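Here is the structure we will look at, set down as structure tokens.
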Amino acid sequence: MPKISLPQKNIKLDVATHSNLMNSLLDSGLPVASSCHGEGICSMCRLKITGFVKPAETFELETLKRNKCAPDERLSCQILVTSDLVVSAKYW
């Protein structure tokens, strides 16, 4: 079972393998910014992620570029958790 670590909040979560990162955080009671409710359009749920995640697909890359996200940010709504991750957000 992978762990998600949030150093800013001093929290570690156990999550199911292949769970959606945004939903896992929300299910744990943590706030995740979003106006598109996980559709991958608004980019408000972007996080800095350390650990292995599948490379971004074209749709996510276009959203990140359109919304001028930093090169090291990913959309939490587009990430499936397959290994331990460390995540941080500007709004935590």
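Structure above, values below:
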| read-out | value |
| --- | --- |
| Pairs beyond 23 Å (Cα-Cα), from K9/K54; K9/K65; K9/K90; K12/K90; K12/K68; K12/K48 | K9/K54; K9/K65; K12/K68 |
| Estimated 222 nm signal from helices in the chain, with DSSP H stretches of n ≥ 4 weighted -39500 (n - 2.57), rounded to 500 | -4500 deg cm²/dmol |
| Within-12-Å neighbourhood charge of A89 [Cβ basis; K, R +1; D, E -1] | +4 |
| Local electrostatic count at A33 - Lys and Arg +1, Asp and Glu -1, tallied over other residues with Cβ under 10 Å | +2 |
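Any read-out appearing in this document is the output of simple, stated calculations on the displayed coordinates, not a laboratory observation. Everything numeric in this text was worked out from a predicted model, so none of it was measured. Here the Cβ is made from the backbone with ideal geometry for all residues, glycine too, and neighbour counts use every protein chain on show.
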